[in-house]
């Protein structure tokens, strides 16, 4: 961040910027949570415009591909008639940084859901270790 000669570092503190915007004293601000995101529009680049430059594209593209693959794997009813597995895709709000949050990839939600599904569908076939075997046979176990 470049500093102007007449503007000091103190003027760039988050609390100061926020208090100026809200017309309040800095001391009136109890706490701040700052979320930063790229607001630049997507664009094409490369010698032949063959690249897409866009924030969050990796998450959007992988989510689309996962859902498309799930849908395509069920094109005809016969595909599922003798299915002994559950086809499932998990998409999370937060990965990397927010993984441990309640909606993040590191939260126990996925395993809790799978445990409930296995428990409900196994009914008469429930045996000790059913859930563990399910995880071992899934992509999660790899």
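A few comments on the model shown:
- Exposure proxy ranking, count of Cβ atoms within 10 Å, fewest first, for 109, 39, 134: 39, 109, 134
- Exposure proxy for 89, 118: other Cβ atoms within 10 Å of each Cβ, ordered fewest to most, give 89, 118.
- Here the extension length gained between residue 123 and residue 52 equals 20.7 nm, from 0.36 nm per residue of separation less the Cα-Cα distance.
- Ranking of 135, 102 by count of other Cβ atoms within 10 Å, fewest first: 102, 135
- FRET efficiency, 1/(1 + (r/R0)^6) with R0 35 Å, evaluated for residue 42 and residue 21 via beta carbons: 0.80
A short reminder: the numbers here are calculations on the coordinates, not readings from a lab. Since this is a predicted model, take the numbers as computed values, not measurements. Note: ideal-geometry Cβ built from the backbone for every residue, glycine included; neighbour counts use all protein chains shown.
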